[in-house]
Every structure is written in C-alpha cells, then in structure tokens.
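Values in this text are rule-based calculations from the coordinates and carry no lab data. Here the structure is a predicted model, which means the values were calculated and not measured. No Cβ is skipped: glycine too gets one built from the backbone with ideal geometry, and neighbour counts run over all protein chains shown.
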Amino acid sequence: MACNFSFPPLTPEQIAEALHTYGLAPTANLRAEDIANPQPDLLPAVISNFLATVVDPTGADDLDGQLGFDALASLDNPEHYMEGIRVLRLHKRASAFLESIQFPGFTLRDLLRPDPRRLVQVLSALINFLYYRDDKLALLQPIIHEFPNLDERCMELKAKLAEHQKAIADHELAAQMEEPMVQQLEAEVNSLKQKLVECNKKQLALRANATAINDKKEETHRKVIAKSDFELVKLAQENSKLLSKIVESPEKLQRALEEKKTARAELKNAEKIATQSVQEKTATLEIYSKGYEKLSKHSTKIQALQEQKEVKARKTKISDESVEIMALDTKIIEWDGKGENQKLAALSSEVEWKLKCLEPRERKVEETIAKATKLCAEVDSTRTDAAEELQLIYAKFQQIGHAFTCYKDNFKSFLEQVDEVSKETLESLDRQAVEPLDTSATL
C-alpha cells in the first residue's frame, strides 16, 4: 500500500461499531465485550467475511473448494482434514492480504487463539484499511459520476463483443466449409499454370519449327529462282541462236513450212481413213459379239476367248497400219525435208524437246512453291490457334486468380476489422473497469 496508510489501534467499541457498519460482524449481537474477551472463532469469522466481501467479492478463490484428485489420493481419510485445510487456506489468504497492507507477522496462533491485544491490532488494521479505501473512493466519486451509464455501456460493449465473436466463429466456419473449394481452385490454378507452361513450350517449339520452315522455304525459293533464272538464260541463248538461224533463210523456211503443212494435211486425211476403217471393224466386232451372247455360257467363254484373240489380232493389225502410216510420214518428211528443211525440222524438234523437258521442271517448281505456301498457311493457322488457346487459358487464370485474391482480401480485411473492434472493446473495458483499483493502489 501507499506510505500514507497507517493502522492506529482502535477501541473495542469502535471496532464493534465498524464491524456492524461494514457488515463484517459474525453475529448481529456482537459487542465490545466480545472483542475484549474474544472467542477462538471470532477472528476466523471476521476475516472470512472480510475476504468474501472486500478482497474477493466474486468468490473466485473459494475457501471451501474441493481438493484435487491427486491431493485426495495422498490422504488416508480426507474427510478428517477438511476443517484443517480450510483453516490453513484462510490463514494463507489473510497473511497475504495483511502483508500487502504492511502488517506482517500474522501467525496461525493469531488466527486460532489470539490474545485480546493481538486481536485488537489485527481488527484495527482491517478497519483502518476500510476507512482508507472509503476515503480514496470518495475522491474518485467525481470521476465515477462523469460516466453514469458505465454499466449499460459495458453491457452494450459485451453484447457487441459477443456479436463480433459470433461473426468471427461464423466466418471461421464458412472459411472451413469453403476450404475444399479454395483447395480445388488452387489445384485448378496449379493445373492451369502447368498447362500454360506446356503451351508456352509448345509455342516455342512451333515458333522454332516455323522459323526453320521459313528458312527452308526461303532457301528453296532462292534455289528454285536461281535454277529457273539459269534455265531461262540458257533457253534465251538457245532461242536467240535458233532465231539467228531462222532469220538467215526466211524464204526457204516459208516454203518448208507450207510443204510441211500440206504433208500434215495428207497425214491427217490418212489418219482419218485409218480411224474410219478401225471404227468399221469395231462395228463388225460388236455385231459378232451380240450374236455370240445368245449362245450358252460355255460357248460364250470360248467365243470370248476367240474375240479377245481377234481383237488382239486386229489391234496388232491396226498397230501395223499405224506403223506403216508413221513410216509413210517419215518418208514424206525425208522427201520434203531435204536441204534447209532438214535443219529446220531438227532445230524445231530440238526446241520442242527442250520445252518438253522444261515443262516437268516448271511443274515441279510450281508444286514446290505450292507445298511451301501450304506449309506456311498451316504454320500460321497453328500459331493463331495456339495464341488463341493461350489467351483463353490466361484469361481464365486471371479470372480465377482475381476471384481468389478478392475473396482473400475481403476475408482478411473483415478479420482485421473484427480484431480491431475486439481489441478496442477489451481495452476500453479494461481501462474503465480497472482504473479505480489502479488509482487506489497508486495512491
């Protein structure tokens, strides 16, 4: 206690009056003579009432509390020790309180068999403490009157605290219930991240393939263009040579061309006659085949074989006739192509042969260019599909991440608000409820 506190001895009459005033008297007819000639149970009763009403009005430290199971197990007959245990507890608490108000030396004999002088000293110390406390509380009354509705405010704050605690419990329960969904979302996010990594790898591989294809395409284009330029230059040179040869004898060339035209017309007429004869023969074959169809299956097979033989024979005959026609053509060419005509025919045949040789090359070049164009189109379409798929995956990933972040931020902010409100409520309760006791202790 503070250094100003003191406990001067009081008279038995003052002690008896104070005990009745504060409600600490063990009996209603307590008198000063009972204090001058005390009974053994007087001081324990007064101290029990003092501790119960002044020191611990809530009854948190009950003197009649039950012993623990281990303590009871160590005693043979616990019921024989109950009164002694209660007295020891009472002495321990009384001694602690008296030492806190600077009244040391309170023994067990003082509690059970005090002499009148020692009893007056102990009771004077307790009553002086009550007087001292009343003086300090009187000083604190103006401060207490500034907060007239403190109890109501405390009840409201306790109700709010209970509501916030309930809200915290509800949110914790909701968080526990939503934890599987959160885990599922995290698993989906992880899988999407893995898919994104795989798509990035595929995109890099496609880019590498596209780059390689583009390089190969450019190289192929360069080779084809270079080869085509070379062939064109070569053909241009050969054409210039042929033109130079043709220009040397235009009249002879004109006559040779006219003769060639007449020879070709004759050949065409001969070819028409040969085709007409072939058509007539095929017509006769059709007539024969219709007649043979009316025979039996066996005869049809034999006749079919015979017809095949005849067809082969006729085809060979036709081929022989075509060979004869070709021989006639060659003879006509030989007859007409004397001199400069022979040179012109050779040059024209050579030009046609070279042009025919160039045609498959041109077709090959066109096919190569078409393949390269197709590959480029496939690469572009694949790249476009991969980019769209990546954009969709990334958009879904951002949407899930944004939803999860919003949920996490909202829940975290709510918990922080609840913690702040709870903390402020507890601090205000502690300040408003503990300030009178702290002020009395400091005084």
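Between the beta carbons of Glu231 and Leu206, assuming R0 = 41 Å, the FRET efficiency works out to 0.70 to the nearest 0.05. The eigenvalues of the Cα gyration tensor, multiplied by 5 and square-rooted, give the range 69-220 an equivalent ellipsoid with semi-axes of 81, 28, 18 Å from largest to smallest.
Here the Karplus relation 6.51 cos²θ - 1.76 cosθ + 1.60, evaluated at θ = phi - 60°, turns the backbone of the range 122-136 into coupling constants of 5, 5, 4, 4, 5, 5, 4, 5, 5, 4, 4, 5, 4, 4, 5 Hz, with x for every Gly and Pro.
Computed over the range 156-246, the P(r) curve from all C-alpha pair distances, binned at 10 Å from the origin, holds 13, 14, 13, 12, 10, 9, 8, 7, 6, 4, 3, 1, 0 percent per bin. Between Gln102 and Arg31, full extension at 0.36 nm per residue minus the direct alpha carbon distance yields a gain of 22.8 nm. Computed extension length for Glu359-Thr405: 9.8 nm, one decimal, from 0.36 nm per residue of separation with the Cα-Cα distance subtracted. Legend: residue pairs Lys166/Lys195; Lys241/Lys261; Lys261/Lys281, Cα-Cα distance threshold 32 Å; pairs beyond threshold, Lys166/Lys195. Among the listed pairs Lys268/Lys364; Lys201/Lys223; Lys201/Lys374, those whose Cα-Cα separation exceeds 31 Å are Lys268/Lys364; Lys201/Lys223.
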